[in-house]
Amino acid sequence: KISDVRPVIRQLDDSAVNRIAAGEVVERPASAVKELVENALDAGATRIEITVADGGKTLIRIKDDGCGIAPEDLPLALSRHATSKIDGSDLLNIHTFGFRGEALPSLAAVGRLSLTSRAPGQEGAEIRVSGGQAEPVRPAALNRGTVAELRDLFYATPARLKFLRTDRAEMQAVTDIIKRLAMAEPFVGFTLIDAGSDRTVFRADPESGDLFDALHARLSTILGKEFAENALRIDATREDLHMTGYAALPTYSRGAAVAQFLFVNGRPVKDKLLTGALRAAYFDFLSRDRHPAAALFIDCDPVLVDVNVHPAKSEVRFRDPAIARGLIVSGLRHALAEAGHRASTTVSG
Ligand code: ADP
Ligand code: MG
C-alpha cells in the first residue's frame with residue numbers, strides 16, 4: 001500500500017547526527033570515562049587522574065600530562081570525524097585506541113563538555129560546548145597536558161538518564177574499566193577519585209622494570225597478591241600472533257568468570273572466541289563450576305585483526321580465528337603442564 005504522502009528525504013543536521021552517534025558510543029558514564037582515558041593514553045600520558053561525582057552522572061574529569069592540544073586545534077578536536085591519529089589512507093593499520101574522531105563530538109552532544117589543554121611551547125586554552133554549540137576558544141591557565149570535563153551526562157536525553165543504574169553501580173562500572181586500562185598500561189599511573197566523598201577509589205603508581213615485571217606488579221595491585229603469587233608467566237607464539245601475560249594456577253580458580261581479562265593489541269576486549277579458548281585451555285585442570293583467572297595480552301600486526309567491528313570497540317575479529325584460539329589453548333596448556341611437572345618433581349625430589 002503506497003501512502004498518499006510523498007516522503008521527503010532530508011539531510012540531518014550535525015547536532016542530530018552527533019546525538020545518534022552518541023547513542024552508540026556513550027551508553028553510560030563508564031563508556032565516557034573509557035573514551036576520555038583512551039584519549040589521554042593516545043596522547044602519551046604517564047599519569048592520569050580521573051575524578052567522578054555521582055557515579056559519573058554529574059561529573060567526569062580526566063586530567064593527563066600528555067601532548068596537549070594547540071589552541072587553534074581545540075575546535076577541530078570537537079568536530080565529527082576529525083582525528084590526529086590516522087589520515088584515512090590505512091584503516092587496517094591502527095596503533096592507537098582512537099581513530100574515528102567520534103568520541104568528543106558525541107560526548108559534547110550528550111553532556112556539557114569542556115577541554116582545557118596546553119601543548120608544549122603553546123599557551124593554555126579552553127573550549128566549552130553548550131547546547132550543542134562550541135563557544136570561542138579562551139585562554140586558560142594550565143601547566144601541561146589536558147583536562148577534559150564532562151558534566152551532566154545525558155541531561156539532554158532524559159530517556160537515557162532513566163536507564164542508568166544507581167550511582168554505586170555506575171561507579172563500579174567506572175572502576176572496572178579503569179582497572180582494565182591500568183592492566184594494559186602498567187607504566188602509566190592511574191588515580192580514580194570519588195568527588196562526593198573525596199576518596200581515592202583506586203590508585204596504581206607507574207610501574208618500572210621490564211614489561212613482565214611491570215605487569216606482574218600492576219596485576220598484584222589490581223587483582224591482589226594472591227593472584228600474583230599464583231600466576232604463571234605466559235609467553236607464547238603461534239604463527240604471527242603473540243600472547244603474553246599471567247594466568248593463575250588451577251588452584252587459584254574462581255566460582256565465576258570474574259577474573260578474566262583479555263586484551264588485543266592493548267585494547268580490553270570481551271570476546272566469546274577468546275574466553276571460550278581460555279575455558280578450553282583449563283578444561284583438563286578445572287572442574288566445571290570453577291573458572292580460570294588470567295590477564296592475557298594478544299598482540300599482532302594490526303592488519304591481522306579488525307578492531308573496527310563496533311564503535312565501543314570491545315569486540316574484535318581475527319583474520320584467522322583458529323590461530324587465535326590455538327594460541328590461547330596451546331600456550332596455556334603448555335604453561336600449566338610445565339607448572340604441574342615442576343610441582344610433582346619438587347614433591348618427589
Ligand atoms: P579519536 O580519539 O578517535 O581521534 P576523539 O573525538 O576522541 O577522536 O578526539 C579527537 C582528537 O582530539 C584526537 O584525535 C586528538 O588529536 C585530540 N585529543 C582528544 N583528547 C586528547 C588528549 N587528552 N590529549 C591530547 N589530544 C587529545
Ligand atoms: Mg578518542
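The values are calculated or read from the model by the stated rules, or taken from the named source; none is laboratory data. What you see is a predicted model; the values in this text were computed from it and never measured. Heads up, the Cβs are rebuilt from the backbone with ideal geometry, glycines too, and the neighbour counts pull from every protein chain shown.
Side notes on the structure shown:
- Candidates 118, 138 - the one that is crowded, with 18+ Cβ neighbours inside 10 Å, without any contact (Cβ under 8 Å) to a residue 60 or more places away in the chain and touching a Lys or Arg at 6+ places or on another chain (Cβ under 9 Å): 118
Conditions tested, residue by residue: (1) hydroxyl-bearing (Ser, Thr, Tyr); (2) touching a Ser or Thr at 6+ places or on another chain (Cβ under 7 Å); (3) over 30 Å from residue 303 (Cβ atoms).
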{"residue": "209", "(1), (2), (3)": "no, no, yes"}
{"residue": "216", "(1), (2), (3)": "no, no, yes"}
{"residue": "219", "(1), (2), (3)": "no, no, no"}
{"residue": "222", "(1), (2), (3)": "no, no, yes"}
{"residue": "226", "(1), (2), (3)": "no, no, yes"}
{"residue": "234", "(1), (2), (3)": "no, yes, no"}
{"residue": "239", "(1), (2), (3)": "no, no, no"}
{"residue": "243", "(1), (2), (3)": "no, no, no"}
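- The residue of the stretch 87-115 that is farthest from ligand 2 (Cβ to nearest atom), among those that are hydroxyl-bearing (Ser, Thr, Tyr) and under 22 Å from the mean Cα position of the chain (by Cα), is 114.
- Criterion violated by residue 123 - all others in (1) within 16 Å of ligand 2 (Cβ to nearest atom); (2) touching a residue at least 24 places away in the same chain (Cβ under 8 Å); (3) more than 22 Å from residue 153 (Cβ to Cβ) satisfied: (1)
- Flag for residue 8 being in contact (Cβ under 8 Å) with a residue 60 or more places away in the chain and hydrophobic (A, V, I, L, M, F, W, C): no
- Scanning the stretch 164-189 for residues that are among the polar types (S, T, N, Q) and assigned to a helix (DSSP H, G or I) turns up 172, 175.
- Residue within the stretch 101-109 that is assigned by TED's automatic domain parsing to the domain that holds residue 187 and without any contact (Cβ under 8 Å) to a residue 24 or more places away in the chain present: yes
- Leading residue by the ranking (modelled with the lowest pLDDT) among those in the stretch 95-113 that are more than 10 Å from ligand 1 (Cβ to nearest atom) and surrounded by fewer than 22 Cβ atoms within 10 Å (Cβ to Cβ): 95
- Subset of the stretch 143-186 [closer than 16 Å to residue 51 by Cβ and surrounded by fewer than 17 Cβ atoms within 10 Å (Cβ to Cβ)]: 151, 152
- Selection within the stretch 143-170 - in contact with a helix residue (DSSP H, G or I) (Cβ under 6 Å, 6 or more places away or on another chain) and either among the acidic types (Asp, Glu) or within 16 Å of ligand 2 (Cβ to nearest atom) (or both): 148, 150, 167, 170
- Just one residue in the set 139, 105 is out of contact with any helix residue (DSSP H, G or I) (no Cβ under 7 Å at 6 or more places or on another chain) and over 20 Å from residue 47 (Cα atoms); that residue is 139.
- Per-region count, the stretch 192-236, residues of a type in the set (S, T, N, Q) and surrounded by 12 or more Cβ atoms within 10 Å (Cβ to Cβ): 3
- Of the helices (runs of 4 or more DSSP H) lying entirely inside the stretch 193-288, those containing at least 3 residues that are within 29 Å of residue 54 (Cα to Cα) and of a type outside the set (Gly, Ala, Ser) are 211-223.
- Cross-chain or 6+ apart pairs with Cβ under 9 Å, the stretch 236-260 first and touching a residue at least 60 places away in the same chain (Cβ under 8 Å), then buried (at least 18 other Cβ atoms within 10 Å of the Cβ) and among the hydroxyl-bearing types (Ser, Thr, Tyr): 236/244; 247/282; 250/282
- Residues of the stretch 121-133 satisfying the condition of being part of a strand (DSSP E or B) and surrounded by fewer than 12 Cβ atoms within 10 Å (Cβ to Cβ): 130, 133
- Filter pass, residue 45 being in the same structural domain as residue 134 (by TED's automatic domain parsing) and either buried (at least 18 other Cβ atoms within 10 Å of the Cβ) or away from ligand 2 (no atom under 16 Å from the Cβ) (or both): yes
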